[in-house]
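J.: First the structure, then my questions, so here it is.
The values are calculated or read from the model by the stated rules, or taken from the named source; none is laboratory data. Since this is a predicted model, take the numbers as computed values, not measurements. Note that we place each Cβ from the backbone using ideal geometry, even for glycine, and neighbour counts take in every protein chain shown. Ligands, DNA and RNA are excluded from the accessible area calculation, which covers all protein heavy atoms including side chains. Shrake-Rupley method; radii C 1.70, N 1.55, O 1.52, S 1.80 Å.
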Amino acid sequence: WVPAKPSSMGDLGLLKDLKDFVQVLFPFYVGALAAVATFSREGLDQPTVGSKAIIRIGQRVVELARRQFICGLFGYCAVLSIFLFVGVVFVKMLAPWAVAAAPASASCWRAIAVFLFSLGFAHLIVISLWGICYLANRLAR
């Protein structure tokens, strides 16, 4: 049995499930960050192979080692998951007020919120898979 209109909000809505999933991702990223930061393998402290991983700090260019690159990647994912979680909480909190204040533009705001969350969530998944594949590839060698 499928409801006529699937719910995006509420206790049975898609937003709750995605919020719960993003809530679980944060400890995963922190754990991965701690594991990579403390893992003793000499290959992780060497520069990246192929394209160099660099960051620019003002005029200075710093080349990153593999460990620094992976730590930065998982740290970025941890921060992004926090932002997505807080964003979902704010959307769930403000949605009833926004619909009551401007019912004509509610669908527009909902579309914008869904687009932004989908963009952030897709970015998080792609970056996560990239980091895990990179780490698995380098640890297997």
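J.: In the list 69, 74, 85, which residue meets the criterion of being assigned to a helix (DSSP H, G or I), of a type in the set (Phe, Trp, Tyr), touching a Leu at 6+ places or on another chain (Cβ under 9 Å) and under 24 Å from residue 43 (Cα atoms)? Let's see the steps before the verdict.
T.: Working: 69 fails: touching a Leu at 6+ places or on another chain (Cβ under 9 Å); 85 fails: under 24 Å from residue 43 (Cα atoms).
Checking each option against the conditions leaves just 74.
J.: Looking only at residues that are open to solvent by 40 Å² or more (accessible area, probe 1.4 Å) and among the hydroxyl-bearing types (Ser, Thr, Tyr) in region 24-41, which one is nearest to residue 138 (Cα to Cα)?
T.: Result: 40.
J.: Within region 42-79, track down each residue that is touching a Gly at 6+ places or on another chain (Cβ under 9 Å) and either open to solvent by less than 30 Å² (accessible area, probe 1.4 Å) or modelled with pLDDT under 85 (or both).
T.: 53, 64, 66, 70, 73, 74, 77
J.: Right, next: Among the residues of region 105-141, how many are of a type in the set (Gly, Ala, Ser), open to solvent by 70 Å² or more (accessible area, probe 1.4 Å) and at pLDDT 85 or above?
T.: Initially, region 105-141 is screened for residues of a type in the set (Gly, Ala, Ser), giving 105-107, 111, 113, 118, 120, 122, 128, 131, 136, 140.
Pick out the ones that are also open to solvent by 70 Å² or more (accessible area, probe 1.4 Å) and you get 107, 140.
From what's left, at pLDDT 85 or above: none.
Looking only at that region, the number is 0.
J.: Out of region 110-131, which residues are touching a residue at least 12 places away in the same chain (Cβ under 8 Å) and β-branched (Val, Ile, Thr)?
T.: Scanning region 110-131 gives 114, 127.
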